[in-house]
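The values are calculated or read from the model by the stated rules, or taken from the named source; none is laboratory data. Bear in mind the structure is a predicted one, so any value in this text is a computation, not a measurement. Methodologically, a virtual Cβ is constructed for each residue, glycine included, from the backbone with ideal geometry; neighbour enumeration extends over all protein chains shown.
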Ligand code: CUA
């Protein structure tokens, strides 16, 4: 006889079940929404190769804790195994004889009370020192100021002193402190780029702060680390650490007004005539929607949908066709564009370098 198959009838429930499955798969590093996102997820968890000051301090503390725990584990399990073997019942032994029972030993009880207290207290002290060193560090005057706003399910990134906004990819110069303020526009998220720093919660109506000081150039991967809804597992983040020259080049490009290419005028018109401008920003004063990511220099980013897929023409087109196809549950609805509109708008967006 066949067992009952699991069937979920409500589409809402089915979506939630898929989301929960995706969450666990994401946590286990198994299978987020797309193969691309899966590859991204695998890249973020390298917690054993810290490349920034706060991550290094946390790494050392973690190893100290692991070391102490290992010594305790080996001592306890070693004693258990030794006792099991030493005092096992032997062949031919009279089973009615009870071994001598010992009640109360001041020395033993003192030992197993005092030693753990000393261990726990030492761990508290070193942990407090590391936390203090990271939180009370003096932020240098010339630190790059970045304001990060967590949203369902992407990151809005402000460079307040530079006067522009971008999304999902933070650029910072190598060897310099970047000071990051964390805010949320909706629910609790958590900022975590394992190789650069520890987790910091991103909480509505509150401003948390942290800093990074990357010591090597490269792309560092992170993800939201606090369950925040359907697409939590696809709230990926990249920190692109560049040489000062490369960084200056990126800044100059981000500050420039959006490209206005006359060959894609039809797409630009469609972008402005349809609902796009209600949610997206273009340049400082062209379109001012703030619900979705700023698109002024969309093509300077490596991914779309906060790391769901590579930022290619084909993927952009798929996103325009129906964002729910690439990122189910995301807050951009299917705009029901016709083929011509999808092509025109994709052509236009592709010019926003
Ligand atoms: Cu944002 Cu999880």
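When the residues of region 175-195 are narrowed to those that are outside any loop (DSSP other than H, G, I, E, B) and away from the ligand (no atom under 11 Å from the Cβ), which ends up surrounded by the most Cβ atoms within 10 Å (Cβ to Cβ)? If we take residues in region 175-195 being outside any loop (DSSP other than H, G, I, E, B) and away from the ligand (no atom under 11 Å from the Cβ), then 180 is surrounded by the most Cβ atoms within 10 Å (Cβ to Cβ).
Within region 244-255, the set of residues being touching a residue at least 40 places away in the same chain (Cβ under 8 Å) and surrounded by fewer than 14 Cβ atoms within 10 Å (Cβ to Cβ) comprises 244, 253. Pairs are defined by a Cβ separation below 7 Å, a sequence spacing of at least 6 or placement on different chains, a first member in region 89-118 that is closer than 16 Å to residue 76 by Cα, and a second member that is in a loop (DSSP other than H, G, I, E, B); no pair meets this definition.
Quick check on my filter: what residues within region 121-154 are part of a helix (DSSP H, G or I) and loosely packed, with under 11 Cβ neighbours inside 10 Å?
Listed by number, the residues that qualify are 121, 124, 125, 128, 132.
Scanning region 138-161 for residues that are closer than 28 Å to residue 234 by Cβ and more than 16 Å from the ligand (Cβ to nearest atom) yields a count of 7. Of the residues that sit in region 296-317 and are in contact with a strand residue (DSSP E or B) (Cβ under 6 Å, 6 or more places away or on another chain) and part of a loop (DSSP other than H, G, I, E, B), which one is nearest to residue 152 (Cα to Cα)? The qualifying residue nearest to residue 152 (Cα to Cα) is 306. Within region 318-353, being under 27 Å from residue 229 (Cα atoms), assigned to a helix (DSSP H, G or I) and touching a helix residue (DSSP H, G or I) at 6+ places or on another chain (Cβ under 7 Å) holds for 318, 319, 320, 321, 325, 326. Restrict the check to region 56-65 and report whether at least one residue is modelled with pLDDT of 90 or more, in contact with a helix residue (DSSP H, G or I) (Cβ under 6 Å, 6 or more places away or on another chain) and either surrounded by 10 or more Cβ atoms within 10 Å (Cβ to Cβ) or not in a helix (DSSP H, G or I) (or both). Within region 56-65, one or more residues are modelled with pLDDT of 90 or more, in contact with a helix residue (DSSP H, G or I) (Cβ under 6 Å, 6 or more places away or on another chain) and either surrounded by 10 or more Cβ atoms within 10 Å (Cβ to Cβ) or not in a helix (DSSP H, G or I) (or both).
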